[in-house]
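Each remark here refers to the structure printed beneath this line.
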Amino acid sequence: MATTPQEPTSERRSPLDRNRVVRAAIELIDEQGLHALSMRRLGRRLDVEAMSLYAYVHSRENLLDGVIAAIVDDLYDDPDTHLMDTDSWQDYLVRVAHSVRRSALTHPRVFPLVATRPPQAPWIRPPLRSLRWVESFLASLHTHDFDDETAVYTYRAFTSFLLGHLLLEVAALGADVGPIPEKSADEPASPALDDYPNLQRLRPRLTENEVESEFEESLDNLINRLEDIRAHGVA
């Protein structure tokens, strides 16, 4: 008795586009890690020749940028992320932190790429690494009467906290947090800021290198907290 050929999966029937290629890359990294990602493996996953992928992603570097953009943009789909009229700035930071953590734990093998790949400009800090996210973050703080200096400080301190904690957490889950290939020299060095007024105004402050002072201040805060715990116990 002749067997009826199996119908192709819906994924293989659907037309190829950039989003499908990027999402397949995320799935591949989730399953096998970043170093397993290649155009050949990705082509096999999508049941196409590797060369056909270059119509949608111009290079592996461009593919990695697409992966990061997709993961960061997914934060906007988290219903707990956005600032509501009745929220305090403290609640806003808590909800953004939990949203980023959920993303990192959903894609622990992708998060080191989000955390360590050089961003569009040196003053954009992972993991809130898109222009849209930084602008939204600064604007939200300004609605709660943060001045420019305090808003920039909060952005730096908050992203440093997220990176430190979440890289340790995904590493404990088996993610590779070793060196990530750097961007190629022909990648754009700086994005256009025409639609981002807060970024235009605060770029000089964001560009200032205060990594050492931030480290010392964070260390002082940790020591002070430990002294309080030593004296009063864990709450």
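The values are calculated or read from the model by the stated rules, or taken from the named source; none is laboratory data. Since the model is a prediction, treat every value here as computed from it, not as a measurement. Here the Cβ positions follow ideal geometry from the backbone for every residue, glycine too, while neighbour counts run over all protein chains shown.
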Are any of the residues in segment 67-83 among the polar types (S, T, N, Q), in contact with a Pro (Cβ under 7 Å, 6 or more places away or on another chain) and not in a helix (DSSP H, G or I)?
no
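To keep it simple, each residue is scored yes or no on (1) touching a Ser or Thr at 6+ places or on another chain (Cβ under 6 Å); (2) modelled with pLDDT of 85 or more; (3) not β-branched (Val, Ile, Thr).
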| residue | (1), (2), (3) |
| --- | --- |
| Thr143 | no, yes, no |
| Gly164 | no, yes, yes |
| Leu167 | no, yes, yes |
| Ala175 | no, yes, yes |
| Ser184 | no, no, yes |
| Glu187 | no, no, yes |
| Ser190 | no, no, yes |
| Leu199 | no, yes, yes |
Subset of segment 148-162, residues modelled with pLDDT of 90 or more and either exposed (fewer than 12 other Cβ atoms within 10 Å of the Cβ) or more than 19 Å from the chain's Cα centre (by Cα) (or both), comes to Asp148
The residue from Ala115, Ala69 that alone is of a type in the set (A, V, I, L, M, F, W, C), within 12 Å of the chain's Cα centre (by Cα), surrounded by fewer than 19 Cβ atoms within 10 Å (Cβ to Cβ) and closer than 24 Å to Asn198 by Cβ is Ala69
Kindly establish whether Asp80 is surrounded by fewer than 19 Cβ atoms within 10 Å (Cβ to Cβ), over 13 Å from Pro127 (Cβ atoms) and of a type in the set (Asp, Glu).
yes
Take Ala171 and decide whether it is under 12 Å from the mean Cα position of the chain (by Cα) and in a helix (DSSP H, G or I).
no
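Table: residues versus (1) touching a Leu at 6+ places or on another chain (Cβ under 9 Å); (2) closer than 19 Å to Leu167 by Cα.
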| residue | (1), (2) |
| --- | --- |
| His98 | no, yes |
| Pro112 | yes, yes |
| Arg117 | yes, yes |
| Trp123 | yes, no |
Working carefully through the options Asp195, Asp228, find the one that is assigned to a loop (DSSP other than H, G, I, E, B), among the charged types (D, E, K, R) and surrounded by 10 or more Cβ atoms within 10 Å (Cβ to Cβ).
Asp195
Take Ala115 and decide whether it is small (Gly, Ala, Ser), within 14 Å of Thr159 (Cα to Cα), touching a residue at least 12 places away in the same chain (Cβ under 8 Å) and out of contact with any strand residue (DSSP E or B) (no Cβ under 8 Å at 6 or more places or on another chain).
yes
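Residues being among the hydrophobic types (A, V, I, L, M, F, W, C) and at pLDDT 95 or above: count how many of those fall in segment 101-112.
The qualifying residues number 2.
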Inside segment 128-158, the number of residues satisfying the requirement of being under 24 Å from Asp194 (Cα atoms) and part of a helix (DSSP H, G or I) is 21
